[in-house]
Amino acid sequence: MNALASALALLVVGIMSCNRAANGMHGQIATTTVQQSSFSSQVAPAAPAGPADYIVEAVAVAKPTAGRLIDITWKDASGKVVRLSDYAKGKVVFLNFWATWCPPCRREIPDIVELSREMANDVVVVGISLDDGADAKTKVTKFATDKGITYINIVPGAQLHTKSIAEAYSIIAPINAIPTTLIFDRQGNHKQTIIGANTKSYFTDAVKKAM
């Protein structure tokens, strides 16, 4: 019984250590591993040269519309302003809210990287990093380089913090825990919300349902 009590105590401590409050959000953003669960085609911009070039700064987020993909604007590595609606036109959108300090987020990243490569013709994967601090971009860039991330990740910018993007998307699904993934079909209609870390096979099935 003493061994069982000790194990339960360790489990509770482990779960509590994953919880992080995010300043400026309406509620707490916590990490969790629990699963709850057409536009005309357009040529996408040229692929970035390396992982660091996939890290882009948030510029603006459009007025929220329930059940619809909300446009996000970012500044790429060259300083060019890009809109999500243009970048993802004609493809399913896989929008992943995460942070480098979130263990479940880190665990699912390799599967998301594989998904983004294998389904690149039909799916656009975009990460929304909720990292804080002046060094947020540096932290995400290092993580992306270490993990070989080859899909766009939006970080806080001088004009907009990514928490504002999470708040805008709360009209569809409150981003109270990360990772949270929202999937939209080719027409920009919300099809599924996935709360908690998951696997490549699960993500693949969810994306296929949105095609």
**Asked** For residue 135, are the conditions met, namely being closer than 27 Å to residue 67 by Cβ and acidic (Asp, Glu)?
**Response** no
**Request:** Filter the range 142-194 down to residues that are among the β-branched types (Val, Ile, Thr) and under 21 Å from residue 114 (Cβ atoms), then give me how many there are.
**Result:** 10
**Request:** For the range 36-55, indicate whether the set of residues that are within 16 Å of residue 164 (Cβ to Cβ) and modelled with pLDDT of 55 or more is non-empty.
**Result:** no
**Prompt:** Can you tell me which residues in the range 168-211 are part of a helix (DSSP H, G or I) and crowded, with 18+ Cβ neighbours inside 10 Å?
**Reply:** 168, 169, 203, 206, 207, 210
**Request:** Consider residue 155 carefully, then state whether it is modelled with pLDDT of 95 or more, of a type in the set (A, V, I, L, M) and under 20 Å from residue 101 (Cβ atoms).
**Result:** yes
**Request:** Go through the range 113-145 and count every residue that is part of a helix (DSSP H, G or I), farther than 15 Å from residue 99 by Cβ, out of contact with any helix residue (DSSP H, G or I) (no Cβ under 6 Å at 6 or more places or on another chain) and charged (D, E, K, R).
**Result:** 2
**Asked** What is the one condition in (1) buried (at least 18 other Cβ atoms within 10 Å of the Cβ); (2) farther than 18 Å from residue 56 by Cβ; (3) over 13 Å from the mean Cα position of the chain (by Cα); (4) of a type in the set (D, E, K, R) that residue 122 does not satisfy?
**Response** (1)
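The values are calculated or read from the model by the stated rules, or taken from the named source; none is laboratory data. Everything numeric here is computed off the predicted structure, so don't read it as measured data. Cβ atoms come from the backbone with ideal geometry, glycine included; neighbour counts cover every protein chain shown.
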